[in-house]
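Undergrad: What follows is a single structure, and I will ask about it in a moment.
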Amino acid sequence: MPMEMRSQGRPARGDGEVGRIRLLERTREALKAKPKIDLQRREIALAAGVTPALVSYYYPDKWDLLAAAAKPVIESYTAEVRAILGDEGSPHRKVLALTYLFIDFNFQHGYLLDFYLENSARMARQDDMRHLQEVYGEMMAFFDGLLRDGLMRGDSPAFIQASLWGLCKYVAQQPSLAGLGDAPERDAVLRAQAAKVCDLFLNGAATGSMAEMGGVDHRAPVLSALA
């Protein structure tokens, strides 16, 4: 049910914090579904079941609202990345865990990371950008180590990470996954997909370098294998 509102766009007495939390939750849902960055205040209000005036009451700056909605999700995601990279398990185990995380994140949160990157740069949020750059650098060091040890084929850790992320996003957006039921069922399906993607990557099906690909869609061998 929409939160009770006064005509001037303020929450009813005692509903302030509950309303703010609900607004953030609904905003996250809107960011998940919308690939464009210019999400309008009226669209957020419609998704939350409130008036644009109430959105402005809680967050006069729309970009502050969008950042507040996305940041907890991003912080949780980057913490998981660091936990995986810091694990004492084998490289294969780490690649598999990253693959599952990438698929699960894209399945649950859609375009939220795309927005967060754009918004952080647009609003010059230096601390947010620095944090993301640090985590990205740690991933690059991990993939570079795999290349140096001969565990993956290619010459660009950035290309490998981007390829893996792009493929995981593709898998997560498949219509066949949209109707997944409860968490255990969803987890089992996503882990099965992650195992396929991980095996293909470690066998060199989607690695290499941009120069080697020569403009060819590097996902093609993997997409056919997942069909």
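Undergrad: Under 8 Å between Cβ atoms, which residue pairs at least 6 apart in sequence (or on different chains) link something in segment 119-140 that is touching a residue at least 60 places away in the same chain (Cβ under 8 Å) with a partner that is among the hydroxyl-bearing types (Ser, Thr, Tyr)?
TA: Sorted first by the residue in segment 119-140, then by its partner, the pairs are Asp128/Tyr116; Asp128/Ser120.
Undergrad: Okay, moving on. Give all pairs with beta carbons closer than 7 Å in which a residue from segment 179-200 that is more than 16 Å from Cys168 (Cα to Cα) and surrounded by fewer than 15 Cβ atoms within 10 Å (Cβ to Cβ) meets a residue that is at pLDDT 90 or above and β-branched (Val, Ile, Thr); count only pairs at least 6 apart in sequence or on separate chains.
TA: Within 7 Å, the pairs are Leu180/Val189.
Undergrad: Among the residues of segment 59-75, are any over 17 Å from the mean Cα position of the chain (by Cα) and among the basic types (Lys, Arg)?
TA: yes
Undergrad: Next question. Return the residues of segment 88-126 that are assigned to a loop (DSSP other than H, G, I, E, B) and touching a helix residue (DSSP H, G or I) at 6+ places or on another chain (Cβ under 6 Å); say none if nothing qualifies.
TA: Gly110, Met123
Undergrad: Please verify whether segment 171-178 includes one or more residues that are surrounded by fewer than 18 Cβ atoms within 10 Å (Cβ to Cβ), touching a Cys at 6+ places or on another chain (Cβ under 9 Å) and assigned to a helix (DSSP H, G or I).
TA: no
Undergrad: Can you name every residue in segment 135-150 that is in a helix (DSSP H, G or I) and acidic (Asp, Glu)?
TA: Glu138, Asp144
Undergrad: Going through segment 27-61 one residue at a time, which ones are closer than 30 Å to Tyr170 by Cβ, free of Cβ contacts under 8 Å to residues at least 60 places away in the same chain and surrounded by fewer than 19 Cβ atoms within 10 Å (Cβ to Cβ)?
TA: Glu29, Lys36, Asp38, Gln40, Glu43, Leu46
The values are calculated or read from the model by the stated rules, or taken from the named source; none is laboratory data. None of these values were measured; they are calculated from a predicted model. Note: ideal-geometry Cβ built from the backbone for every residue, glycine included; neighbour counts use all protein chains shown.
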